[in-house]
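Read through the structure below, which is laid out as C-alpha cells, and then see the notes.
The values are calculated or read from the model by the stated rules, or taken from the named source; none is laboratory data. From a predicted model like this one, the values you see are computed outputs, not experimental measurements. Cβ placement follows ideal geometry from the backbone for every residue including glycine, while neighbour counts extend to all protein chains displayed. To get the accessible areas, we keep the full protein, side chains included, count just its heavy atoms, and leave off ligands, DNA and RNA. Shrake-Rupley method; radii C 1.70, N 1.55, O 1.52, S 1.80 Å.
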Amino acid sequence: MPLVQNVVLECIRPTYVIAGDFNADGWEDIALACHSCNAIPVLLNPGSKVCPAPCPVSWPAPKVFTLADAPVALAWGLVFDRPRDAYEIRIFTATQYTPAWTSFKVADPVSLKLTTLTTVTATHIALADFNGDGILDLAVLDSLGLKVIFPTAKIDPLDLTPYAQICHVAFITSGDFDRDGDVDIVIASNNSLIFFENECLGKFKHRTNIVLGHMLRAVVVADFDDDGKVDLATVDPAFSALTYVHNDGCWKFSIAQRIKLDGEPVAIVAGDFNRDTKIDLAVAEYGADRVTVLANLGGKFGVDLQIKIGKNPISLAVGDFDRNGILDLAVALFGGGPAGTGPALQVIYNPMCATDDCTKKAPCCEPGAPVPSCP
C-alpha cells in the first residue's frame, strides 16, 4: 500500500485542494479552500538538497490567507499582470455568501481583498484562455443565478436557465472538444453534462447535453483512449457511479463505461499514476472515507486499489511532491481539521506504487522508507 501522510492543519470544513509550483522554486505546493474559517492555507514545499526528496515531505506550517467570506474553489496559473507588464503565478478563488473573487501570489500579505461579483452566489471556478488573447481568464459558476460570468475578461455571461435547474449546477471545466483551437466549456448540472462551444474569442454557443445519472459532481477532461480527442469522466454520488464519456467527434458523446462506486464519489482527477503512458483516474469517495484508483487498461478502466483515508474526502489534487518522477495525490478531508477530528489534509505518495527508475523499487510504499537519490 502507498504511504498516506497526515498533514495537521487548523482548517474548518476544507472543500477544495489544488497542487502546483506556486512560488516557481521547482517543488510542488498545496493550497486548500477552508470554507468555514474563511481561509486559504498554502503549504510551500520545503524541497530538498537531493532529488528525489526523502519521503514523506516535511511540510512546514502553512501561510494562511484570510478572506471576509467562505471560499468555494481554487485554481492557479501563470497570468499576465497588465499594470506591471509581466507574467506571474497567481491563485484564484471565489466566495459563496457575499459572492466575490480574488487572486494572489504566495508572497502577498495574508489579508486578501475581495472584488464583488454580479452573481447570486459562487459555486465553482475555472481558469483558461477563453478569448484566445494569450491570458488566462476566470470563469465563475453561479448555481442560484444560473449563469457563468468572466470577471477578468470582456466575455458575455453564459445564461444557463434554458438548460439547468437552480441549486443543481455543481462544476465547470474546460477543454477543446471540437479540436478547433478554442477552449470550450462543460458544466455538470443535475443529471447532465452541458456543453458550450467557443465559436471564437470567447463567444459561446450551447451545443449539446448528455444525460448520465442523478446528481453529477466533479468532471475531468483528458484523452483517455489516445485517439486525439479529449474525453471526459464524471462522478455521481447519488447514482453511485463513475461514468467515462467518449468524445465521438463533431459534438457527439457516448457513454463508454460505467463503474459502480458505492461510497459516494464526489471528486475525480486524472494522471498517469503507474507510468505506463496511459491516463488513469483517482476518485474521492466521501461516504466510504477512501480514495479509489482506477487503471487505464487501454480505453477502459478497472479498479486498481482502494486506499482507506480520513473522514469525508471531498477534493483531490495531483502533484509530484517528492519529485521522484511519480505522481502523488493530495486529499482535502471535509470531516477533519479542528483538534480531535483528524487531519484536514492527507498526501498519498505514489498511489499505484509504481517503480522508480533509479532504485527499481516502489518508493513510499512502506511507511517511513526513505528514497535514496540516484548515483
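Need one word for region 95-206: rounded, prolate or oblate. Basis is the Cα gyration tensor (sqrt eigenvalues a ≥ b ≥ c); a/c below 1.5 gives rounded, then a/b vs b/c decides. Oblate, since a/c reaches 1.5 and b/c is not below a/b. Applying 1/(1 + (r/R0)^6) with R0 = 41 Å to the Cβ-Cβ distance of Lys63 and Gln165, what FRET efficiency is obtained, to the nearest 0.05? That gives a FRET efficiency of 0.55.
Scanning residues 5 or more positions from Asp176 or on other chains, those with amide H under 5 Å from its amide H are Asp184, with H placed 1.01 Å from N in the peptide plane.
Shown in residue order for region 139-145 are the 3J(HN,Hα) couplings computed by the Karplus curve 6.51 cos²θ - 1.76 cosθ + 1.60 at θ = phi - 60°: 10, 10, 8, 10, 7, 8, x Hz (x for Gly and Pro). Listed by chain and number, the lysines placed with their C-alpha closer than 21 angstrom to that of Lys147 are Lys203, Lys205; residues fewer than eight positions away on the same chain are left out.
Across region 151-157, computed HN-Hα scalar couplings (Karplus, 6.51 cos²θ - 1.76 cosθ + 1.60, θ = phi - 60°) run x, 9, 9, 8, 10, 5, x Hz from first to last residue, x flagging Gly and Pro. Look at where the Cα atoms of region 61-89 and of region 152-190 average out, and the two centres are 22 Å apart. In the full protein context, the chain carries 40 Å² of accessible surface per residue, based on a 1.4 Å probe and ignoring ligands, DNA and RNA. Residues whose amide H falls under 5 Å from that of Asp304, counting only those 5 or more places apart or on a different chain, are Val293, Leu294, Ala295, with hydrogens built in the peptide plane. Partner aspartates and glutamates whose Cα lies under 17 Å from the Cα of Lys260, excluding those fewer than 8 positions away in the same chain, are identified as Asp236, Asp280, Glu285, Asp289, Asp304. Loop-located trypsin sites (Lys or Arg not before Pro) in region 108-162 (DSSP state not H, G, I, E or B) with no more than 16 neighbouring Cβ atoms inside 10 Å: Lys113, Lys154. Tyr349 sits among other residues whose Cβ lies under 9 Å from its own Cβ, and their net charge, with Lys and Arg +1 and Asp and Glu -1, is -2. Counting only lysines at least 8 places from Lys63 when in the same chain, those with an alpha carbon closer than 30 Å to its own are Lys49, Lys105, Lys113, Lys308, Lys311.
Build a GNM of the chain with springs between Cα atoms under 10 Å apart, and of Phe130, Phe334, Phe253 the one that fluctuates most is Phe253. When the solvent-accessible area of the chain is split by element, carbon and sulfur atoms take up 52 percent of it, the probe being 1.4 Å.
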